Amino acid sequence: MSETARLADQIRRAFDGHAWHGNAVLEILNGVDATMAAAHPIKNVHSIWELVLHSAAWDGVVLTRTGGKAVKLSDKQNFPPVKDTSEAAWRKAIEHAKDTHTELVKAVAAFPDSRLDEQVPGKTESYYNFFHMFSGIVQHELYHAGQIALLKKAQTR
């Protein structure tokens, strides 16, 4: 198995499931409805919905960078606002996150191992190569999975 196939598998596991640590993002989101997703049970903390949109935005950033383009998110792009809190809008947000994540996994799996040490477009830090970015998106998914789990638990006690 190639290194990029292994990285793609880790990215997939962090989001879809069968992760070593425990529940992945989609497993944690099971049973979360629009009301719970939009709620702010902890003051000054992002909602589950905002975290899902944020994670999808960063999956999109990594996907774009993998394609050779530099990208930087604005504050509004980093944490997109939730304007419609209907069940249909929540399902649409989840589907968007799934679709973006699936495209990212495919792109990483197809990425040549020989390019893992290359500098990521738009990044100036010497360590910021593709391997670092692909490993980092796994960490990012799991960091926010933990936040989502706590927000869900705060509402289901």
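Readers should treat all values here as calculations from the given coordinates under stated rules, not as data from a laboratory. Being a predicted model, the structure only gives us computed values, none of them experimental. A quick note on method: Cβ atoms are made from the backbone with ideal geometry, for glycine too, and the neighbour counts reach across all protein chains shown.
Computed over the chain with a Gaussian network model linking Cα atoms closer than 10 Å, the most mobile of GLU125, GLU50, GLU87 is GLU125. Hand me the chymotrypsin sites (Phe, Trp or Tyr not before Pro) from the stretch 20-60 located in a DSSP loop with no more than 12 other Cβ atoms within 10 Å, in residue order please. Counting only loop positions with at most 12 other Cβ atoms within 10 Å, the chymotrypsin sites (Phe, Trp or Tyr not before Pro) in the stretch 20-60 are TRP20.
Near HIS18, once Lys and Arg are set to +1 and Asp and Glu to -1 for all other residues with Cβ below 15 Å from its Cβ, the sum equals -1.
Using alpha carbons only, how many angstrom separate the centre of the stretch 112-131 from the centre of the stretch 5-43? Centre-to-centre (Cα) distance: 27 Å. Once you've got the GNM for the chain with C-alpha springs shorter than 10 Å, pick whichever of ALA56, ALA93, ALA110 has the biggest mean-square fluctuation. Of ALA56, ALA93, ALA110, the most mobile in the Gaussian network model is ALA110.
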